[in-house]
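One structure is given here, and the rest of the page talks about it.
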Amino acid sequence: MGQNKEKKDQLKKKENLSLSREAYEVVHKAFLECEKKKIPIMVALGAFLDKGINILIKTYHSEVTAAFLEKLAKEVRDGVYGKKRK
């Protein structure tokens with residue numbers, strides 16, 4: 001029974017990775033579209049973050065959202081996002 005759960009967990013991780021890559025591509029295309037329309041990157045990013053934060057607050061409430069954003073801020077400070085993606 002343990003192997004079955006491990007297989008399910010592995011499949012779920014693969015699905016999540018695939019969705020993450022797909023979402024990354026959608027966002028990337030949206031930013032390219034903003035570039036084409038000469039929308040400054042900080043304006044585009046601000047709009048994206050504003051929308052995302054509002055969705056997170058409606059879904060998970062403000063404390064959970066704040067904790068998530070604090071975790072992201074720590075990762076930025078720790079250099080996680082400066083590394084090349086595979």
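Taking 13 Å as the straight-line reach from the Cα of Lys58, the aspartates and glutamates in range (excluding those fewer than 8 positions away in the same chain) are Asp50.
With respect to the chain, whose longest principal axis is taken over its alpha-carbon atoms, helix 41-77 is tilted by about 40°.
What 222 nm value per residue comes from the helices of the chain, counting each DSSP H run with n ≥ 4 as -39,500 (n - 2.57) and dividing by all residues, nearest 500 deg cm²/dmol?
-30500 deg cm²/dmol
Can you pick out the pairs among Lys51/Lys74; Lys29/Lys51; Lys12/Lys51; Lys51/Lys71 whose Cα atoms lie more than 23 Å from each other? Violating the 23 Å Cα-Cα cut-off are Lys12/Lys51.
Readers should treat all values here as calculations from the given coordinates under stated rules, not as data from a laboratory. Not measured: the values here are computed from a predicted model.
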